Amino acid sequence: VDPTLIIFGIRALVRLWRGGAQAYAQYARDKAVLLPRLTFPPFDDVDFIRAELLDPQQVWRISANGPLVEFWSTTLSRPDPNVPGSAEALYLAALQIFSERAARESGLLPERGREVAGEKLIAQWAAGTGPVGPVGRFALTLTDVAAEFVGANPSLLGVDANGEKLIGAVATNLTQMIPDDAADFGPKSQFAERVLGIFLRAGLDALARHPDALVNDQHLQQLMQNTLPPIVQALPADLAEQSAWRDVAEALLGPAANAAVETIAANPRAFLGREFDPNNAVGALTQAMLTQASTMGLRERFSEAGALVLYRAALGVIVDRPELFAGQADRPTAQIARDLLATTAASLRDAPAPFDGDLGADLVAAALDSLRREGPRFLDAAAPWERGVAALAAQVIDGLASALRDPQTQRLRSPLSQPQLVELARSFVVQAAQTPGILAGNRSELTALVAGVAQVIARDQAGLLSPTDWLDVAAVAAQESLANPQRLFALAAGATAAPATALLRDLLALAAAETGAGGRDAGGVFFGATLREAMIVTLRAAAGNAAGAAAHPDVVKTLAQQLCDLVRAQPGRMGSKEWLCIFRSAVGQALDQGTVPELSDAHVAQILAGGHLG
Amino acid sequence: MMRRRRLFCLLAALVIGACTAHRLNDLDAQLTDLDRQCGADEQRRDVDSCRQRYEALAEQALADARGASDPLTRLAFDRVSATAAFHAGPLGAKTVSESTNEGTQLCKELPQQDASAPRDCALIRLAYPLAVSADLARSLTVLLTKLDALRQTNPAAQLPASDLPAVLSLYDWFQTEFDKVSWVRSKLTDPGVSEQLKAYVDDQRRAIYCWALKAYSLAFDVEGTTPASLSALTTRKTALRSRAEDSLGAIDCQTAPALAVLPK
């Protein structure tokens with residue numbers, strides 16, 4: 001073997017080895033290695049809350065008069081364990097402070113910080129393995145409902161969007177929703193969660209229908225504050241009563257919240273700059289409605305629809321006449337709302353069907369609508385207005401009942417259908433509400449008017465007038481009677497019927513006799529439109545000459561009779577139009593003089609030519 | 001004859017060099033194995049046994065560092081020693097001190113100082129304050145355990161007032177160590193420093209900061225304390241937060257552990 005060759009071989013090997021050794025050493029030094037690593041401390045919510053809220057710039061929140069002071073235990077320097085939801089409420093605040101700071105440090109808008117906080121919050125509460133506390137449960141409810149709505153109405157959320165305002169209003173006041181049994185997930189807490197969902201769903205639904213409404217988020221906050229916590233707090237302790245309260249809230253709160261939010265959305269100006277805060281009234285009214293429904297039983301007197309008709313009408317009063325709901329020391333707003341509904345329920349309790357239920361509520365709602373439009377001038381100034389509203393409806397119902405009640409069935413019998421009967425009653429209510437002081441001093445004027453008209457209607461068993469005709473007659477009767485008090489329907493001493501009642505009754509009797517004598521087959525015209533107009537003309541004429549009407553009760557009937565004969569005798573020359581033309585011209589004079597004017601051919605021709613009786 | 005002797009010497013030197021690298025590699029592997037066996041969750045392991053094994057490894061690595069001729073390899077041994085000593089807890093106090101002192105000195109003497117071996121120099125400089133912080137954390141955990149025990153019988157219980165000086169002292173120490181680690185972090189400016197190393201150091205700063213906040217919070221669980229009586233502490237905490245968040249951004253101590261980078 002050549003030694004030189006061996007040496008060269010060894011040198012080559014060493015060269016390789018050296019390179020490999022150096023590479024190996026570098027690999028050994030630089031390879032990824034285990035690093036010393038500190039563990040993080042167990043950092044719970046209390047630590048987080050202290051780190052944020054005890055900060056000199058934030059501590060005011062939990063100091064005296066601070067918004068979160070009720071949740072903070074000064075002795076323990078931690079969330080007060082005796083206040084349900086305190087840890088979550090404070091955690092919520094701490095998280096918001098932290099997230100806004102984080103957003104600032106990252107050059108983001110504070111809104112983004114809140115968004116981050118919201119995401120963290122929901123993530124923590126939704127994915128947490130432990131039991132979720134009340135605020136968390138409520139927040140999840142909010143999230144669920146909001147998510148449900150945003151899918152179908154994406155525009156509800158976003159900067160200045162109404163849906164976001166409502167959710168924000170609810171979220172801001174979440175801690176107020178926490179009842180005292182929240183820590184144990186007691187009945188109030190469960191109820192509160194349910195109520196929250198119902199309210200939010202209904203509110204979002206209302207706002208979705210008013211996408212362009214300019215809703216003030218402060219109003220929504222106040223509405224929420226004034227509505228939900230009292231309803232939750234009012235949950236009775238007794239299990240059976242709890243059940244009733246739950247049923248009522250389930251049935252009525254949603255539509256009520258819907259109506260309330262819609263009212264705010266549709267009337268933003270009504271809720272601005274008032275000395276009296278209408279939001280208080282809305283809350284009080286909502287609670288009063290639920291209480292009333294719970295007390296007398298849901299569907300016992302009104303159905304949900306009936307209760308809501310009243311509620312909506314009362315909301316209208318709050319919007320247009322908020323001063324009526326302004327509470328005083330001896331009569332707070334809540335009591336006014338309670339009295340309104342309680343008085344209504346009581347007055348309808350003894351009313352005859354169909355006014356003992358929803359139709360009665362419709363009538364009171366009509367009275368409230370009139371109150372909204374006309375103001376309280378028709379009421380008795382000496383009595384609370386809320387009683388006057390029910391009294392107005394009650395007087396109309398009493399009038400109808402006295403004339404139409406069947407002694408055997410105690411139900412109202414008339415040619416009118418139930419809706420027409422309500423329409424009739426409504427027309428009286430509307431007219432009466434335009435009459436100052438109609439309810440003052442225990443007046444029975446309205447009842448007499450309604451009874452007088454109803455008595456006549458009740459006699460029309462043959463249907464000589466259509467229901468619509470009767471409504472027209474009634475409207476004029478109410479208009480004339482209320483404009484001319486103590487004339488048409490005032491019962492004189494010894495009289496069996498008021499003048500207007502007698503006049504109308506006679507005309508109807510004549511029409512019935514005419515029909516009996518052949519009616520249209522015999523060329524008669526005294527039915528339908530002719531009869532209606534004759535009654536209207538008579539009412540207007542008698543209103544201006546009540547003395548004549550009282551003194552000569554038969555003259556109108558005689559005049560009508562003669563005209564019927566005249567028209568029937570000359571069917572080729574005279575009809576309904578001529579009948580009415582002559583009647584209009586002659587009835588005033590007849591009432592005035594107590595005799596029927598001469599109806600010679602010349603006179604008739606003169607009248608029909610546009611002249612008057614001489 | 002002369003030529004053969006030179007060749008022998010050369011081969012011996014090469015073998016020794018390779019052996020040293022192999023030794024370093026082996027110690028690193030042992031450290032990794034130990035970590036795998038003992039894990040981060042000390043509660044579930046035989047802590048004393050683990051610590052003894054860490055400390056034994058740390059002492060071996062320190063001895064090897066002292067025997068190594070190549071400065072960079074020596075530094076790597078010091079790094080292994082410091083890391084193992086850190087994990088050894090109280091047992092490793094002396095070793096971690098020696099390895100970091102010697103390693104720090106070595107970093108200063110390197111041709112490009114820390115930039116010659118940025119990772120190892122940084123870890124060596126960090127090992128001591130991290131070890132101190134870990135020790136402080138253990139002390140604070142003792143107090144937290146004590147409070148938990150008190151609350152087993154009375155949920156509103158607080159630590160006795162006599163514990164307040166210890167809690168306040170722990171806070172101060174955490175703050176000090178935070179500043180030390182932050183100083184090391186401020187020196188990691190060389191382009192050769194990996195982003196991962198920077199992230200790792202930042203995580204350690206967050207951890208120390210959170211321990212400081214934990215101590216701060218615990219101070220309010222001591223009998224007789226109020227926000228007013230601890231206002232000076234609150235002021236220091238607020239200042240610490242400013243320093244921390246100026247460079248780290250807002251620190252959420254509840255979610256920070258989950259966001260920490262995995263060490264390599």
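The values are calculated or read from the model by the stated rules, or taken from the named source; none is laboratory data. Note that the structure is a prediction, hence the values are computed from the model and not measured. Reconstructed Cβ throughout: ideal geometry from the backbone, glycine too, with neighbour counts over all protein chains shown. Remember, those area values only see protein heavy atoms, side chains included, never the ligands or the DNA or RNA. Shrake-Rupley method; radii C 1.70, N 1.55, O 1.52, S 1.80 Å.
Looking across region B:207-234 at every residue that is touching a Pro at 6+ places or on another chain (Cβ under 7 Å) and under 15 Å from A:LEU53 (Cα atoms), the one that is nearest to the other protein chains (Cβ to nearest Cβ) is identified as B:LYS214. Kindly indicate which of B:ALA149, B:ALA117 is within 12 Å of another protein chain (Cβ to nearest Cβ), open to solvent by 10 Å² or more (accessible area, probe 1.4 Å) and either touching a helix residue (DSSP H, G or I) at 6+ places or on another chain (Cβ under 6 Å) or more than 29 Å from B:LYS198 (Cα to Cα) (or both). After ruling out the rest, the residue left standing is B:ALA117. Would you check if B:THR234 is touching a Ser or Thr at 6+ places or on another chain (Cβ under 8 Å), among the hydroxyl-bearing types (Ser, Thr, Tyr) and modelled with pLDDT of 90 or more? Answer is no for this residue.
Taking the criterion of being over 18 Å from B:ALA122 (Cβ atoms), out of contact with any Lys or Arg (no Cβ under 9 Å at 6 or more places or on another chain) and open to solvent by 10 Å² or more (accessible area, probe 1.4 Å), would at least one residue in region B:81-93 satisfy it? Checking region B:81-93: at least one residue is over 18 Å from B:ALA122 (Cβ atoms), out of contact with any Lys or Arg (no Cβ under 9 Å at 6 or more places or on another chain) and open to solvent by 10 Å² or more (accessible area, probe 1.4 Å). Among the residues of region B:186-206, just one is more than 10 Å from every other protein chain (Cβ to nearest Cβ), in a helix (DSSP H, G or I) and touching a residue at least 60 places away in the same chain (Cβ under 8 Å), namely B:ALA199.
Which one of these is facing chain A (nearest Cβ under 10 Å) and modelled with pLDDT of 90 or more: B:ALA85, B:ALA18, B:ALA40, B:ALA58? Reasoning before the result, please.
On the way: B:ALA18 fails: modelled with pLDDT of 90 or more; B:ALA40 fails: modelled with pLDDT of 90 or more; B:ALA58 fails: facing chain A (nearest Cβ under 10 Å).
Within the list B:ALA85, B:ALA18, B:ALA40, B:ALA58, the selection yields B:ALA85.
Going by the conditions given, is A:ASP339 assigned to a helix (DSSP H, G or I), open to solvent by 40 Å² or more (accessible area, probe 1.4 Å) and either under 15 Å from A:GLY306 (Cα atoms) or in contact (Cβ under 8 Å) with a residue 12 or more places away in the chain (or both)? No: the conditions fail for A:ASP339.
The set of residues from region A:134-184 being open to solvent by 40 Å² or more (accessible area, probe 1.4 Å), outside any helix (DSSP H, G or I) and either at pLDDT below 70 or touching a His at 6+ places or on another chain (Cβ under 9 Å) (or both) comprises A:ASN153, A:LEU157, A:VAL159, A:ASP160. In region B:187-214, which residue that is at pLDDT 90 or above and over 17 Å from the mean Cα position of the chain (by Cα) is nearest to B:ASP246 (Cα to Cα)? If we take residues in region B:187-214 being at pLDDT 90 or above and over 17 Å from the mean Cα position of the chain (by Cα), then B:LEU213 is nearest to B:ASP246 (Cα to Cα).
Residues considered: B:ARG79, B:ARG66, B:ARG53, B:ARG125. Of these, the only one that is part of a helix (DSSP H, G or I) and more than 24 Å from B:ASP26 (Cβ to Cβ) is B:ARG125. Under the condition of being polar (S, T, N, Q), in contact (Cβ under 8 Å) with a residue 40 or more places away in the chain and in a helix (DSSP H, G or I), the residues counted in region B:128-167 number 1.
Residue-by-condition table, conditions (1) at pLDDT below 80; (2) more than 24 Å from A:ARG532 (Cα to Cα):
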| position | (1), (2) |
| --- | --- |
| A:ALA366 | no, yes |
| A:PRO376 | no, yes |
| A:GLN410 | yes, yes |
| A:ARG443 | yes, yes |
| A:ALA454 | no, no |
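The set of residues in region A:21-52 that are part of a helix (DSSP H, G or I) and either modelled with pLDDT of 90 or more or facing chain B (nearest Cβ under 7 Å) (or both) comprises A:ALA21, A:TYR24, A:ALA25, A:ALA28, A:ARG29, A:VAL46, A:ASP47, A:PHE48, A:ILE49, A:ARG50, A:ALA51, A:GLU52.
Between A:LEU510, A:LEU465, A:LEU531, the distinction of being under 23 Å from A:GLN420 (Cβ atoms) and assigned to a helix (DSSP H, G or I) belongs to A:LEU531 only.
Scan region B:159-182 for residues that are open to solvent by 30 Å² or more (accessible area, probe 1.4 Å) and not small (Gly, Ala, Ser) and jot them down.
From region B:159-182, those open to solvent by 30 Å² or more (accessible area, probe 1.4 Å) are B:160-162, B:164-166, B:168-169, B:172-173, B:175-176, B:179-180; that's our starting set.
Once the filter is applied, which keeps residues that are open to solvent by 30 Å² or more (accessible area, probe 1.4 Å) and not small (Gly, Ala, Ser), region B:159-182 yields B:PRO160, B:LEU164, B:PRO165, B:LEU168, B:ASP172, B:TRP173, B:GLN175, B:THR176, B:ASP179, B:LYS180.
Per-residue answers, yes or no, for (1) assigned to a helix (DSSP H, G or I); (2) modelled with pLDDT under 80; (3) of a type outside the set (Phe, Trp, Tyr):
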site: A:ALA89; (1), (2), (3): yes, no, yes
site: A:GLU115; (1), (2), (3): yes, yes, yes
site: A:TRP125; (1), (2), (3): yes, yes, no
site: A:GLY130; (1), (2), (3): no, yes, yes
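When region A:63-83 is filtered for residues that are under 23 Å from A:ASP181 (Cα atoms) and within 41 Å of the chain's Cα centre (by Cα), the ones remaining, listed by number, are A:PRO67, A:LEU68, A:VAL69, A:GLU70, A:PHE71, A:TRP72, A:PRO79, A:ASP80, A:PRO81, A:ASN82, A:VAL83. Of the numbered criteria (1) within 11 Å of chain B (Cβ to nearest Cβ); (2) open to solvent by 20 Å² or more (accessible area, probe 1.4 Å); (3) modelled with pLDDT under 90, the one A:GLN96 fails is (1).
Annotation: of all residues in region A:511-544 being touching a helix residue (DSSP H, G or I) at 6+ places or on another chain (Cβ under 7 Å), β-branched (Val, Ile, Thr) and farther than 17 Å from A:SER481 by Cα, the one that is most open to solvent (accessible area, probe 1.4 Å) is A:VAL525.
Of all the criteria given as (1) without any contact (Cβ under 8 Å) to a residue 60 or more places away in the chain; (2) open to solvent by less than 10 Å² (accessible area, probe 1.4 Å); (3) closer than 23 Å to A:MET535 by Cα; (4) aliphatic (A, V, I, L, M), the one not satisfied by A:ALA448 is (2).
Condition check: at pLDDT below 95 and open to solvent by less than 60 Å² (accessible area, probe 1.4 Å). Does B:PRO263 satisfy that? The answer is yes for B:PRO263.
Answer with yes or no whether A:ALA550 is over 30 Å from A:ARG487 (Cα atoms) and among the hydrophobic types (A, V, I, L, M, F, W, C). Spell out how you get there, then give the answer.
Values: over 30 Å from A:ARG487 (Cα atoms): no; among the hydrophobic types (A, V, I, L, M, F, W, C): yes.
No: the conditions fail for A:ALA550.
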